[in-house]
Each structure stands twice: as C-alpha cells, then as structure tokens.
Amino acid sequence: MSASIDLTLPDYRTQVPAVADRFRRIKERPVVLEIDRLGRQFAGNNGTVTALRDISLKIHRRELVCVIGPSGCGKSTLIRIIAGLDEPTSGRMLVDGKETSGPCPERGMVFQGYTLFPWLTVRRNVMFGLEMAGMDTSQAESEALQWIDLVGLARFKDSYPAQLSGGMKQRVAIARALAPNPRVLLMDEPFGALDAQTRAQMQAHLLEIWRNVDVTILFITHDLDEAIFLADRIIVLKANPGEVQEIIEVPVPRPRHPSQFTSPEFLATRRRVDALIHPPSVQGPMEKLPIVRLTQAGDDVE
Amino acid sequence: MSRTRWFVIGKELSPRVRMVLTLFSFLLPLIVWALVSYVPFLWHPLIRVASPGDVSWFKPGLLVDRAAFAEENAKVAAAGGKVADGTRANPVFLPAPHEVAKAFYTAFNTKPLLRGDLWLHESLALSIKTIFWGFVLSSLVGVPLGILCGAYALIARLGEPVIDFIRYMPAPAFGALSVAVLGIYEAPKIAIIVVGTFFQQVLVIANTVRRHDPALVEAAQTLGARPMQLLLRVIVPSCIVDLYNDQRILLGWAWTYLIVAEVVGVSSGITFFINQQAKYRNFDNVYAAIIIIGVIGLATDQALAFIGRRIFAWKNPGTSRWPAIFARLLPARPVVLVTEAPSSPTPPS
C-alpha cells in the first residue's frame, strides 16, 4: 500500500460517536456465548500438535462476530468445537451462562458445503430441526414456511436441493439452521463456494436476516472484506498454535452498505487485518518463480 | 464422421444410438448363433445319415462324426458296396434358433411325460417362489444387520469378520446339511438361497452405508437429531438409492444360486424341467428354459430400475410427474396440505 493513502487513513481504533455508542450498548447486553481458555491438541506422528491454545471470548446477544486468520490457524476447528462436532482438550464453553458440550440445536450451524438433505424438499429440510425437537408436523410446516419466506424462497418450497443454485441452497441452509431458534448461529465459511456476485448478495441477505431475527452470529471466513463488512467485532487468530491475536471492533457504522467498502474506516480496518494476517516481515517479498523464457523475443504480453 | 466421435471417454451417446446399440447387443449373439446353425460350412462337425447304404451300423437319422462317416464310406466303397448318404449337421446340443423359438411355445404346451411331473409354467412358478422367499428371508435380517454394521463400528467389528469367513464357503456345500435339518422339499432350497445371499448381502449393504456423507450426519446433529433419528432419518435415506441398487444386484446373485438350490433334496422347479428335458435330449426345450430364466431376471431388474427412478424422484427432479412418494412415506406421518397464502416475512418469534 502506498504512503499517500496511509496519510489520509484514520486509526482503525477511532470510532465515530454513533459506533462507540453502539459498542457500549452491545457490551451492556447479556453474554450469550462464552468460551473460556479453550484448547485443542491433536496426536500427530511427531508428538502432539496444538491446534488451539487458550481461546477465550465473550459474545453478547445479537452481536455478529467474525473469525479470521491465516490458513491452518484452527478457525474451522474452533467453530466445530463450538458446534459440538469436535471435543476440546481443555477449557469450557457456556451458552447463556450454562456450561454445555456436544451438538445441540441451541447452536445452529451453516456449513460451507450446504449439507442439505438431498432427499427432502426445501420445506422438509427446514422442517427437519423442528421435527427433531418433537414439534407436530402441521406446526413445523407452518413455521418452516415462514422461515422459507424470510429467505425469499417461497416459490421453491417444494423443490429439491439439486434444483437450486448455490446461493439458494445456502439460504435454505440458513433457514434450516434458524428454524429451531438457536441462541447462536455458527457459520463456517458459508459463502466460500459462491461466485463473487452471489456472495455479495448473500452478505446483504445475511445482514437483513440478522436484523430481523433474535440471533447471535459467529461467522468464520477467510475473506477479509467480508469479515469487515459483516462484523461488529473481528477475532483475528494466528497460526501455530492457534491463539487470539487481536479482537478488532469494526469502526464502520451500521447499517452497512457496499459503498462503505471504500470508506476511510473500512480501509483503515482492512489495512490492520492485512498487516495481522499477512505480516510483511514473515512473508517477505514475493518469491520469484524459476521460469525460463519460452516465447520469442518481442512477443510480450506486458 | 470421424472415429473420434464414437470413442469419447465419459461421453453419453444419443438416445437413438443407445437404442440401436442395445438392440445389437442382443442381435449380435443371435446372428452368430444363426450363422453357425444355418450355414453348413461354418461348423457342422457331424453328418446326419439319410440312407445308410451298406454300412452295417448306420441308421437313418443317426449323427456320425464326419471323419468316421468318410472312413466307413471309404471302406464300403473299397468293398464295392453302396455308399451311405447324409447331410452335414450340428450336434444335438446345439439346436437352431427356430427350433428353440418353437420350443418356447411347445414347452409350455407339452403335457409332462410322467404323471406327477409339473408343466413348465408350474415349474417356473415354483422356482420364482423359491427365489422370492429365499431373498425376502435373507433381506429381512441381512439389510438391517448390514445397515447396523455400516453405521456402528462396534457391530461391524463384531459381525463382519465371521461373516466374511462364512462368505467363502460355497452355498451348495450346505446342501446335505440343509436337507438333514429341513427335509427334502422347498425349505432346504430356500435355505441354500439364503446362505448364498445373506452373507454377501450384509457386507455389501454395510459397505454402502459406510460410504454415507458424514457432513449430513453432522448437520443433522447440529439440528438436534438423536442417534436413532440419525440412523433412520439421515443415514438410511442418504444411502437408500444405493441400497436399492445393491438389492437389485443381490437379487441377481440369488438367481444364480437357484439351480444348485433346486437339485438339493427332491429336484424341483425349472431345474427339474431342464434336467428332464436334457435327459430326453430335447435341447431346444433346455435352451428355451434357460433363456426364460434370463428374460425373467432382466425383466425383474428393469422393472425394479423403473420403479426406483419413480420412487427416488429427488435423484432426477423434474423428469418425474409422480409426487415424491418416498419422501412422504419414510417419516410415516400424515401429509398436511398447506394453502399457498402469501404470508408476511416476519419470522416466528
């Protein structure tokens, strides 16, 4: 990044009064998800590998928190542990102040690979969690239809997942995860497999849904812009071992809009997370490939 | 058109070409058979004696090896006698297509030679009954056990090694044992089919279930599914199409055990018919019976494939006009019809 931009950017920690006020109000809300010194070790061939060490964080009600980090920092392991799909080797996890473990509908999850049940229609996919909770079919059906409406797929309620596009599938997955009224919605790189345009749409959809539903969201991504665009706070992990490096309060005001991608707050935050994820000292200048010229002299493309 | 158009890896052909090729798949062996049967110089290793001449042991209609025929004629000719006359013929075990085609009709119409013997259609019905019960009994235990082995490592580790061991024992080896235990009529035959099918079935089903998508199980877990619900409402439905196709293949295997099963104890069914006809050297009837088995097998399999495509509508949505019966049947709950009222986008509280 050039020096001329550096001069104009504010500090990423400076918050306009509206944003500062919002963070004050968030912190007054009750803590929904608390993670206390969570650790995860794997038995590898060369002794044990520490994937996560002493991860502690508190997420308040209806907060949207993004987790980013370099590949191999254990962000997927972290969200799988929170979802109850993996066991921590140390530490504990509390939802609404009560210690909990194992998979449970209070912690809903949206996966990158959609994971819709291909043999069920959209409607029955969304009904699945409600039926598991013991709700009778007609009530589950009417609630499911409301959730399908909310994600804008009423026309497709009787379609099978194979008939839907990637973005639509992920909307069904969000509706399905929200239907049993989870306290926390965990999202593991949910838009990673979508093309850029669909991803932007889905980000807008997600913010819209989040505004209208009483749910707290923990969102994993490797897309830094996505994290800044969506999050109240960004948890930056570092690799080997996976530890919390910094928790950033995003200074970009809400409601968010794609035009903010070029706002000074956004760029300042972006520069900070860039520096954390790709530290120049570690990475160094880009490595030159040992390429021999195979085209004729004068036949240049650049 | 260039050759490359026909030989492209992984490229499906047009429906027309596919149909023509299917037709030829049956037609080509038939053409070879017809050529061997009707074009004398292709094979016809024997001579059918028309007039025996002076050869003492020749009779009209007798089939003689060509070399022997020539040798006898040479001897008779040297002695100045009358040479035998005959036409080239195939051995009796290779009837011509038209003879077998005729046998399809006559075999059903010919009264059994001995009193108490069964008509062909009765023999067939008996065979189908044997297969049916053998396969159903095997499936009643084999499919659930296979599913449990596929889903739970504990059951797999306990059950599969010994099943794998027994699987290598040929089913007919249990023939004498099953007669001793179950008598000589239908029961031991069904038992042979069960033995032949069951052990393969458990392993095949278990392997299919083991290939289920673990991501779907995890998704269901985060939605609050308990272990039994995971098994019945996620793992089984996610494999059901493959399980159905496994059953089709296993039914084919059950058919291959039919012939050995039916000679156990009192020979019965289509096997009895085939053996009787072979004894009378009615090989046209033998071929007709064997081909009928093939036709029944293929027809059953194609019917099951057709039904499968209809039941599992989600595999090719849009092509089926049937409702997804299966999706409604599996949870065994009443289907509620919902009126399509445009509801407000407010979420449920």
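None of the figures in this text is laboratory data; all of them are computed from the coordinates on show. Since the model is a prediction, treat every value here as computed from it, not as a measurement. Using ideal geometry, Cβ is built from the backbone for each residue, glycine included, and neighbour counts are taken over all protein chains shown.
So if R0 is 51 Å, what FRET efficiency would B:ASP117 and B:ARG18 give, r being the distance between their Cβ atoms, rounded to the nearest 0.05? Rounded to the nearest 0.05, the efficiency is 0.70.
Applying 1/(1 + (r/R0)^6) with R0 = 30 Å to the Cβ-Cβ distance of A:ASP21 and A:THR100 gives a FRET efficiency near 0.40. Label sites at B:LEU154 and B:ASN109, each approximated as a point 7 angstrom past Cα along Cα to Cβ, lie 6.5 nm apart.
Taking R0 as 56 Å, what's the FRET efficiency between A:ASP214 and A:ILE291 from their Cβ-Cβ distance, rounded to 0.05?
Details: r = 56 Å, r/R0 = 0.99.
My answer for the efficiency is 0.50.
What does DSSP give for the protein assembly as shown in terms of the percent of beta bridges that are antiparallel, rounded to the nearest 5?
Values: 31 of 49 bridges.
Counting only bridges with both partners in the protein assembly as shown, antiparallel ones make up about 65 percent.
Taking each DSSP H run with n ≥ 4 as -39500 (n - 2.57) and averaging over every residue of the protein assembly as shown yields -15500 deg cm²/dmol at 222 nm. Of B:GLY308, B:GLY53, B:GLY134, the residue with the greatest mean-square motion in the GNM of chain B, using alpha carbon springs below 10 Å, is B:GLY53.
Report the trypsin sites (Lys or Arg not before Pro) located in segment B:149-222 that are in a DSSP loop and have at most 15 other Cβ atoms inside 10 Å of their Cβ, or state none. Intermediate results must be reported in sequence, preceding the final value.
On the way: sites: B:ARG157, B:ARG167, B:LYS189, B:ARG210, B:ARG211; in loops: B:ARG211.
Those that pass, being in a loop and sparsely packed, are B:ARG211.
Each DSSP beta bridge with both residues in segment A:156-302 is either parallel or antiparallel, and the antiparallel ones are about 55%. Label-to-label distance, B:ALA215 versus B:ALA34, with points set 7 angstrom from Cα along the beta-carbon direction: 5.3 nm. A dipole drawn for the protein assembly as shown from +1 and -1 charges on Cβ atoms has a positive end, and of B:MET169, A:ALA140, B:SER127 the residue lying farthest that way is B:SER127.
With a 10 Å Cβ neighbour count serving as the proxy for reagent exposure, in which order, fewest first, do A:SER56, B:SER127, B:SER14 appear? Each step should come with its number before you reach the end.
On the way: A:SER56 11, B:SER127 26, B:SER14 8.
Ascending number of Cβ neighbours within 10 Å: B:SER14, A:SER56, B:SER127.
Rounded to whole numbers, the Karplus 3J(HN,Hα) couplings from phi for segment B:209-222 are 5, 5, 7, 5, 7, x, 4, 5, 5, 5, 4, 5, 4, 5 Hz, using 6.51 cos²θ - 1.76 cosθ + 1.60 with θ = phi - 60°, and x at Gly and Pro.
Among B:GLY265, B:PHE93, B:VAL55, pick out the residue whose Cα is farthest towards the positive end of the charge dipole of the protein assembly as shown, where Lys and Arg carry +1 and Asp and Glu carry -1 on C-beta, about the Cα centre. Result: B:VAL55.
Only Lys, Arg, Asp and Glu count, each charged at its Cβ (+1, +1, -1, -1), so figure out the dipole size of the protein assembly as shown about its Cα centre, rounded to 20 debye. Provide the component values of the computation, followed by the final result.
Details: 67 positive and 57 negative charges, 212 e Å.
That gives the protein assembly as shown a dipole magnitude of about 1020 debye.
Placing unit charges on the Cβ atoms of the charged side chains and taking the dipole of segment A:114-181 about its Cα centre, the candidate lying farthest along the positive direction among A:ALA162, A:VAL151, A:TRP119 is A:ALA162. Each residue, B:LEU304 and B:PHE93, gets one label point 7 Å from its Cα in the Cβ direction; the gap between the two is 3.1 nm. Karplus-based coupling profile of segment A:178-188, in residue order and whole Hz: 7, 3, x, 6, x, 6, 10, 9, 9, 10, 9, with θ = phi - 60° in 6.51 cos²θ - 1.76 cosθ + 1.60 and x standing for Gly or Pro.
Which value, in debye to the nearest 20, gives the size of the charge dipole of chain B about its Cα centre, when Lys and Arg are +1 and Asp and Glu are -1 at the Cβ?
Working: 31 positive and 20 negative charges, 144 e Å.
Taking the Cα centre of chain B as origin, the dipole is about 680 debye.
Legend: distances between Cα atoms for A:LYS27/A:LYS75; A:LYS75/A:LYS288; A:LYS75/A:LYS169; A:LYS75/A:LYS157; B:LYS82/B:LYS102; pairs beyond 27 Å are A:LYS75/A:LYS288; A:LYS75/A:LYS157; B:LYS82/B:LYS102. Judged by the ratio a/c of the largest to the smallest principal axis of the C-alpha gyration tensor, segment A:85-229 counts as oblate, that ratio being 1.5 or greater while a/b is no larger than b/c. Sites listed here are trypsin sites (Lys or Arg not before Pro) in segment B:1-42 whose DSSP assignment is loop and whose Cβ has at most 11 other Cβ atoms within 10 Å: B:LYS11. Taking the Cα centre of segment A:87-207 as reference, the dipole from Cβ charges on Lys and Arg (+1) and Asp and Glu (-1) amounts to some 240 debye.
Backbone geometry of segment A:106-114 corresponds, through the Karplus equation with coefficients 6.51, -1.76 and 1.60 at θ = phi - 60°, to 3J(HN,Hα) couplings of 5, 10, x, 9, 10, 9, 5, x, 6 Hz, x marking Gly and Pro.
So which chymotrypsin sites (Phe, Trp or Tyr not before Pro) in segment B:29-93 are both in a DSSP loop and have at most 12 other Cβ atoms within 10 Å of their Cβ?
Qualifying residues, ordered by number: B:TRP57, B:PHE93.
Cα centroid separation, segment A:161-176 to segment A:34-72: 29 Å.
Counting other beta carbons within 10 Å of each Cβ, put B:TRP255, A:TRP147 in order, fewest first. Walk me through the numbers before you get to the answer.
Numbers: B:TRP255 22, A:TRP147 27.
Ascending number of Cβ neighbours within 10 Å: B:TRP255, A:TRP147.
Suppose we flag GluC sites (Glu not before Pro) only when DSSP calls them loop and at most 15 other Cβ atoms lie within 10 Å. Which is the longest uninterrupted stretch of chain B? Here the longest segment lacking exposed loop sites spans B:13-339.
Per residue Cα convex hull volume for chain A, in cubic angstrom?
Details: hull volume 60.1 nm³, N = 302.
Value for chain A: 199 Å³ per residue.
Ranking of A:ARG24, A:ARG272, A:ARG40 by neighbouring Cβ atoms within 10 Å, starting from the fewest: A:ARG24, A:ARG272, A:ARG40.
Between segment B:75-91 and segment B:140-188, the alpha-carbon centres lie 60 Å apart.
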